[in-house]
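Since the structure comes first, as structure tokens, the remarks are kept for the end.
The values are calculated or read from the model by the stated rules, or taken from the named source; none is laboratory data. From a predicted model like this one, the values you see are computed outputs, not experimental measurements. Note: ideal-geometry Cβ built from the backbone for every residue, glycine included; neighbour counts use all protein chains shown. Accessible surface is based on the protein model in full, side chains and every heavy atom, while ligands, DNA and RNA are left aside. Shrake-Rupley method; radii C 1.70, N 1.55, O 1.52, S 1.80 Å.
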Amino acid sequence: MKLKMMYSFLNSDINIIEKKLEETIQADSLLLKQASMHTLQAGGKRIRPVFVLLAGKFGHYDINVMKNVAVALELIHMASLVHDDVIDDADLRRGQPTVKAKWDNKIAMYTGDFVFALALELMANLDRAEAHKILADTMVEVTVGEIQQIRDKYRFNQNLRDYLRRIKRKTALLIAASCQIGAIAADVDEAIHRKLYRFGYYVGMSFQITDDILDFVAKEEELGKPAGSDLLQGNITAPALFALENAANRIEIEKVHEKMESADIQRIITLIKQSGAIEKSVDLSDRYLSKALAILEELPANKAKKTLKDIARFIGRRKY
């Protein structure tokens, strides 16, 4: 089953969110408007807005309240991607030129700042101090994670704990916040919104580990970027870390650099695939996925719970 089919009962509300996203990123500056629209039109799974809406289904769901939160969380994610592409010097995302590639680094940085500011403006409509504190704390952690990722580039002596801490900040915490803030916006009981936060965290960890696996095993047309891009950019992810445990593999992997020829990176990708590192990474992702599913069992039974379970299984084991 395709991801969108799993939450098809939310289609009318998802359409409202898509329209709100397009309305929100309008700007007086034509260039800023074009760059922001370019980011939006690159697409995406809209996982964070979907989690906001589903979490809200455990409480007093009002789309007029939920849409602002859902759009704000997606805008924060979009802004972080624009900034990431500058840091990683990435020319492609989802098969389309990045903002920095289509314009330049300066335009990309200010576009990211603009989109992020729009998210904060939307969140101001939510009169829940706790939600704002969670979001602020999350953004601090995301920023720390981005700095750590820069510091960890081509650092081949890092360990699995370094990696897990980094992806927690890079991906998992914003997904966790999406679940919890969506629930808070719908006046969900504290015990439940805290469990939804934990669910989002575990799903986010599984999601990112799977993403890092796909960088080695998926096709370029599925990834929307060349295979092995993370490793070429110096980002040492779970598959590379597990492969580095073998001394002979380490000698080859440590030769990776940004200007490496395609044939050489393909040889290293093959080496990683043959090392058993992919299987170990899948097992790691599955452990987080199991924890997410266990948390769901503690939540009240409703359609949203079943949908969260279906989505968790999909994104933890997806092929693209």
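Residue-wise test of (1) closer than 18 Å to A277 by Cβ; (2) in contact (Cβ under 8 Å) with a residue 60 or more places away in the chain; (3) surrounded by fewer than 17 Cβ atoms within 10 Å (Cβ to Cβ).
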site	(1), (2), (3)
N157	yes, no, yes
I184	no, no, no
E190	no, no, yes
H193	no, yes, no
F199	no, yes, no
I209	yes, yes, no
A227	yes, no, no
L231	yes, no, no
**Asked** Taking K33, is it in contact (Cβ under 8 Å) with a residue 12 or more places away in the chain, surrounded by fewer than 21 Cβ atoms within 10 Å (Cβ to Cβ), of a type in the set (D, E, K, R) and within 24 Å of M109 (Cα to Cα)?
**Response** no
**Message:** Please verify whether K306 is without any contact (Cβ under 8 Å) to a residue 12 or more places away in the chain and either over 23 Å from A90 (Cβ atoms) or out of contact with any strand residue (DSSP E or B) (no Cβ under 9 Å at 6 or more places or on another chain) (or both), treating the condition exactly as stated.
**Reply:** yes
**Out of R287, R317, R313, sole residue that is under 30 Å from D189 (Cβ atoms), open to solvent by 60 Å² or more (accessible area, probe 1.4 Å) and under 18 Å from the mean Cα position of the chain (by Cα)** = R313
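Evaluate region 146-168: report whether one residue or more is hydroxyl-bearing (S, T, Y) and touching a Leu at 6+ places or on another chain (Cβ under 8 Å).
yes
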**Item:** One residue from K102, K106, K168 being within 27 Å of L53 (Cβ to Cβ) and open to solvent by 60 Å² or more (accessible area, probe 1.4 Å)
**Value:** K168
**Item:** Residue check for T270: of a type in the set (V, I, T), open to solvent by 20 Å² or more (accessible area, probe 1.4 Å) and more than 18 Å from the chain's Cα centre (by Cα)
**Value:** yes
**Fill in**
Requiring at least 3 residues that are in contact with a strand residue (DSSP E or B) (Cβ under 8 Å, 6 or more places away or on another chain) and among the basic types (K, R), the helices (runs of 4 or more DSSP H) wholly within region 195-293 are none
**Asked** Of all residues in region 118-163, which are in a helix (DSSP H, G or I) and of a type in the set (F, W, Y)?
**Response** Y163
**Fill in**
When (1) touching a strand residue (DSSP E or B) at 6+ places or on another chain (Cβ under 9 Å); (2) closer than 30 Å to L296 by Cα are applied to I47, the one that fails is (1)
**Asked** In this structure, does E221 turn out to be among the charged types (D, E, K, R), more than 19 Å from the chain's Cα centre (by Cα) and at pLDDT 95 or above?
**Response** no
**Asked** Any residue in region 81-93 that is open to solvent by less than 40 Å² (accessible area, probe 1.4 Å), under 30 Å from L54 (Cα atoms) and modelled with pLDDT of 95 or more?
**Response** no
